[in-house]
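Peer 1: Provided herewith is a single structure, encoded as structure tokens, for subsequent inquiry.
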Amino acid sequence: MTDTRYFPSFLTRPRLVHIVGPNRAADEEMSVVLRLEGFDTALSYDPSGFLEAARRRVPDAVLINLRQEGMSGVELIRLIRAQRRTALLFLIEEEPEIHSAVDAVKAGAADVFTRPVDIELLVRRLREELRKGVELNRGEAQGPSVEGRGLPRLTPRERQVLDLISNGQSNKQAGRELGISPRTIEVHRARVMEKLGARNTAELLRILLTP
């Protein structure tokens, strides 16, 4: 089932953001805010509805709830990429799930957000990525290597934490393995992100995945 709405905007060429998921109230609220920010929006309540609507108008960006009817949000990201559709993909989680975030970034998600979504940050990320002209197949994008982004400056402990994070372990799991507290893991992770120039975990994972 799909509810598609297009609205005039102050932008010369409004970008279409398609929101996919069963959380109607939250997604409709997000849609209203995005329209006020100058985007066109479309809402689909399940993957099949989205795929049908996307054939009529390919979105510039897709906000995909992790929980979907029939498949997960990560599976939908993989399907969109397999169909070679050009769009920015963002995953939205109801609560932080590190394994899903890792899988989503590997599949091609530009970023991962957890509810309640920081709309100001989301809008900023949308505009940043749209300005870059990012295409769906991120494997074609060229970027600085991990070595060039500050990896040599990491301490041995920070490298250990980075390895565990990239393998999808939570702060608690990583702390247990290294024999330190989850809070200490958070501190090390913050330092790793600062040294590698990553603003969030999703960006950190993209840096690690860049050849």
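Only the coordinates and a few stated rules stand behind these numbers; no lab work does. Please read all numbers here as calculations on a predicted model, not as lab measurements. Cβ placement follows ideal geometry from the backbone for every residue including glycine, while neighbour counts extend to all protein chains displayed.
Peer 1: For His99, His18, which order do you get if you count the other beta carbons within 10 Å of each Cβ and list the fewest first? Walk me through the numbers on the way to the answer.
Peer 2: Values: His99 12, His18 24.
Fewest-to-most Cβ neighbours within 10 Å comes out as His99, His18.
Peer 1: What is the gain in length, in nm to one decimal, between Leu130 and Met71 on full extension, counting 0.36 nm per residue of separation less the C-alpha to C-alpha distance? Spell out each step's value before the answer.
Peer 2: Numbers: separation 59, 0.36 × 59 = 21.24 nm, distance 2.69 nm.
Gain on stretching Leu130 to Met71: 18.6 nm.
Peer 1: Using the 2.2 N^0.38 Å rule of thumb for compact globular proteins, work out how segment 147-209 stacks up: its C-alpha Rg over that value, please. Don't skip to the answer; put the middle values down first.
Peer 2: Numbers: Rg = 10.7 Å, N = 63, 2.2 N^0.38 = 10.6 Å.
Against the compact-globule rule of thumb, the ratio is 1.01.
Peer 1: Excluding residues on the same chain fewer than 8 positions from Lys172, give the aspartates and glutamates whose Cα lies under 13 Å from its Cα.
Peer 2: Result set, ordered by chain and number: Glu97, Glu186.
Peer 1: For Arg55 and Ala82, what does the FRET efficiency come to when R0 = 22 Å and r is the distance between their Cβ atoms, rounded to the nearest 0.05?
Peer 2: On the way: r = 15 Å, r/R0 = 0.68.
Efficiency at R0 = 22 Å is approximately 0.90.
Peer 1: If you don't mind, another one. Residue separation times 0.36 nm, minus the C-alpha to C-alpha distance between Ile119 and Leu36: what's the value? Write down the numbers at each step before the final one.
Peer 2: Working: separation 83, 0.36 × 83 = 29.88 nm, distance 1.16 nm.
Taking 0.36 nm per residue and subtracting the Cα distance, the gain is 28.7 nm.
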